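Once you've had a glance at the structure underneath, I'll fire off some questions.
A short reminder: the numbers here are calculations on the coordinates, not readings from a lab. Here the structure is a predicted model, which means the values were calculated and not measured. So basically every Cβ, Gly included, is an ideal-geometry build from the backbone, and we count neighbours across all protein chains shown.
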Amino acid sequence: MAASGRPDGRAVVEPFVIDLSDPATYRNDWGGPHLIGVLAVHALPGILALAAMVWRVRRVRRRATASSDSPVVSPAARGK
């Protein structure tokens with residue numbers, strides 16, 4: 001479980017729970033002993049999940065806007 005209590009919260013919390021200037025605070029973490037590895041393992045999945053959610057929301061909104069822009073013609077107005 002992540003430091004925030006939720007698995008996806010680790011991406012936000014990780015840079016604040018380790019001392020970025022002291023390798024001893026992250027040396028034994030997953031992705032260690034280098035800072036870039038620790039951040040990649042702990043923060044990258046959350047960043048990718050956020051990007052996927054933003055992409056999905058934008059896609060859904062774009063489709064909703066596109067469908068509301070087209071005129072809706074009832075069958076009675078078409079002469080059927």
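Multiplying the sequence separation of residue 54 and residue 36 by 0.36 nm and subtracting their Cα-Cα distance, what value in nm do you get?
4.0 nm
Could you rank the peptides 17-27, 31-41 by their average count of other C-beta atoms within 10 Å per residue, with the highest value first?
Highest to lowest by the protection proxy: 31-41, 17-27.
Full-extension gain between residue 19 and residue 47, please, as 0.36 nm times their residue separation minus the C-alpha to C-alpha distance.
Length difference between fully extended and current span is 8.0 nm.
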